[in-house]
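What follows is one structure encoded as structure tokens, with my remarks underneath.
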Amino acid sequence: MDKSKNQSSVSSGQANPSWEIAPNSLLQAAHFVGDHAILVVGWRTRLIFAANDAVEKTFGYKPHEIINRTTEFLHKDVASFNFFGEKSISVIEQGKDTFHCYYQMRRKTGELFNSENILSLIRNIDGEPIACVSIVIDLADPHASPAFKASKAFLDAISNNLPGAVYQRILTPDNNTRYNFVRGNLLNRFGITSAEIEADPSIVFDAMSEYSLTIFEKAWRESARDLSPIDIELVAFTPEGEQVDIRAISTPRRLDDGSIVWDGIVLDISG
């Protein structure tokens, strides 16, 4: 085995700005984040200057296939690509050197996947922005890093022994809702799976009584507007018609791109 190679090697192109630090060195410095896709992307041009081997696992492209291309083909669509760029530039120009969001990205196969994106700005010696190191964490891959694997195991251990479920819900700036994860044995009572909710968030409404659905929707609207916590009691029914009393508790936070994330828990409080 060639011991001169790093655990996660990198590829870089020639169309670089005036680098004070080579893009390969930046990728090596970012290696501590684990086996996640890492890109060095030009500021404003959004051209990919360098990429590590993990981009193949995440996106399906070999590093040399994406060098000197803009990141548009990695996004859900052109509108998503444009919004991501405008929002990240807006946030960074307000004085932050980082940008953090959850986003849907596209693999080479065309499959969409949920990701966590962390951008760190690179400045030259005059303080001018020249590029970003972009870390893309594939939330569909629980084995992407030891830390992620450990956190999922911890989450599963809690949710499997809890009379309810835990979840992370996201409302994007274009008013789309999705769940990054839903785990818990309460789902079994309603005959639905985590994957089904993650694919179609609207199915959580199907089991609720009409009155509870009104309470539920009002609570989420007010929480999104005020970033206020949610603590409500609801009534739902299993496919067999059994009533289940539920308490839903959730805390919101706003990401850099304007998305709102709720980390929450649902408890079965039936007598």
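The values are calculated or read from the model by the stated rules, or taken from the named source; none is laboratory data. Here the structure is a predicted model, which means the values were calculated and not measured. In this analysis, Cβ positions are derived from the backbone assuming ideal geometry, glycine residues included, and neighbour counts consider all displayed protein chains.
For residue 267, the stated conditions do not hold, so it cannot be described as surrounded by fewer than 17 Cβ atoms within 10 Å (Cβ to Cβ) and in contact with a Lys or Arg (Cβ under 7 Å, 6 or more places away or on another chain). When residue 158 is tested against (1) at pLDDT 70 or above; (2) surrounded by fewer than 18 Cβ atoms within 10 Å (Cβ to Cβ); (3) more than 14 Å from the chain's Cα centre (by Cα); (4) of a type in the set (Val, Ile, Thr), just one condition goes unmet, and that condition is (1). Among the residues of the range 106-145, those that are under 22 Å from residue 43 (Cβ atoms) and under 9 Å from the mean Cα position of the chain (by Cα) comprise 115, 116, 117, 136, 137.
Scanning the range 34-78 for residues that are of a type in the set (Ser, Thr, Tyr) and within 25 Å of residue 124 (Cβ to Cβ) returns 45, 70, 71.
For the range 198-256, the candidate set comprises residues that are of a type in the set (D, E, K, R), outside any loop (DSSP other than H, G, I, E, B) and within 22 Å of the chain's Cα centre (by Cα); within that set, the residue that is farthest from residue 165 (Cα to Cα) is 225.
I'd like to check something: does the range 4-22 contain any residue that is surrounded by 16 or more Cβ atoms within 10 Å (Cβ to Cβ), aromatic (Phe, Trp, Tyr) and modelled with pLDDT of 85 or more? Checked the range 4-22: no residue is surrounded by 16 or more Cβ atoms within 10 Å (Cβ to Cβ), aromatic (Phe, Trp, Tyr) and modelled with pLDDT of 85 or more.
To keep it simple, each residue is scored yes or no on (1) at pLDDT below 85; (2) surrounded by fewer than 18 Cβ atoms within 10 Å (Cβ to Cβ); (3) more than 19 Å from residue 139 (Cα to Cα); (4) not aromatic (Phe, Trp, Tyr).
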site	(1), (2), (3), (4)
165	yes, no, no, yes
176	no, yes, no, yes
207	no, no, yes, yes
245	no, yes, yes, yes
255	no, no, no, yes
